[in-house]
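Read the structure below first, then the notes.
The values are calculated or read from the model by the stated rules, or taken from the named source; none is laboratory data. The structure displayed is predicted, hence computed values, not measured ones. Because the Cβ atoms are built from the backbone with ideal geometry, glycine has one as well, and the counts that use them run over all protein chains shown. Note: accessible area is taken over every heavy atom of the protein model, side chains too, but ligands, DNA and RNA are not part of it. Shrake-Rupley method; radii C 1.70, N 1.55, O 1.52, S 1.80 Å.
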Amino acid sequence: MSVAAIPRSPTQARSPHWRYAVRTALFMAVYALIHVAAIFGVFDAWIGTPAGWLLALAVALPIAGQVWALMRLIADSDEYLRALWAKRVVLSAGIVLVVCTLWGFGETYANAPGLKAWLVFPLFWAVSAIVWPFVRSSR
């Protein structure tokens with residue numbers, strides 16, 4: 001580790017990117033723990049009952065938290081990075097909307113197999129992983 005990489009002050013270690021990484025790790029840890037518990041049968045009695053909606057909500061809340069973390073990253077960044085992050089998010093979301101609409105009409109008109117709606121979230125991040133490195137300008 002070079003001397004230049006060592007934070008000079010506590011606030012320097014708490015950059016918007018660092019806070020985003022910590023927030024995302026925490027929310028995704030909760031998300032993963034809920035799924036691990038479900039895989040091991042902790043919620044089996046809830047499946048197919050009205051209580052299943054509580055499980056669905058419990059899994060959706062960390063996703064909402066991760067979206068909040070991304071919005072905080074955008075808000076806490078300087079104006080150039082705000083514009084860059086906003087452009088990346090809008091482009092990724094737009095691509096996901098097009099893909100989901102295409103697939104939905106494929107289900108309606110071409111007998112494509114139905115897909116679970118929760119796949120939209122991992123699709124967004126897969127698209128983001130592909131698109132974001134190429135969006136390097138706020139223009």
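Share of carbon and sulfur in the accessible area of the chain stands at 73%, probe radius 1.4 Å.
For the range 96-139, what ratio Rg/Rh do Cα atoms give with a Kirkwood hydrodynamic radius?
Expressed as Rg/Rh, it is 1.12.
Remark: accessible surface ordering of ARG14, ARG88, ARG19, ARG139 (largest first) is ARG139, ARG14, ARG19, ARG88, probe radius 1.4 Å. Considering only ILE63, ILE95, ILE39, the mean-square fluctuation computed in a Gaussian network model of the chain, springs between alpha carbons under 10 angstrom, is largest for ILE39. Taking Cα centre as origin and charging only the Cβ of basic (Lys, Arg, +1) and acidic (Asp, Glu, -1) residues, the dipole magnitude of the chain rounds to 560 debye.
Summing Lys and Arg as +1 and Asp and Glu as -1 over all other residues whose Cβ lies under 11 Å from the Cβ of GLN66 gives a net charge of +2.
Relative contact order for the chain: what percent, with Cα pairs under 8 Å and sequence separation of 6 or more?
Reported as a whole number, the value is 24 percent.
Heavy atoms of the protein chains alone define the surface here; on that basis the range 7-139 has 69 Å² accessible area per residue at 1.4 Å probe size.
Going by accessible surface with a 1.4 Å probe and the largest first, GLU79, GLU107 read GLU79, GLU107. Applying 1/(1 + (r/R0)^6) with R0 = 30 Å to the Cβ-Cβ distance of ALA51 and TRP118 gives a FRET efficiency near 0.95.
For the chain, modelled as a GNM whose springs connect Cα atoms under 10 angstrom apart, the maximal fluctuation among LEU57, LEU70, LEU81 occurs at LEU57.
Seen from all directions on average, the range 34-139 presents a Cα convex hull projection of 9.0 nm².
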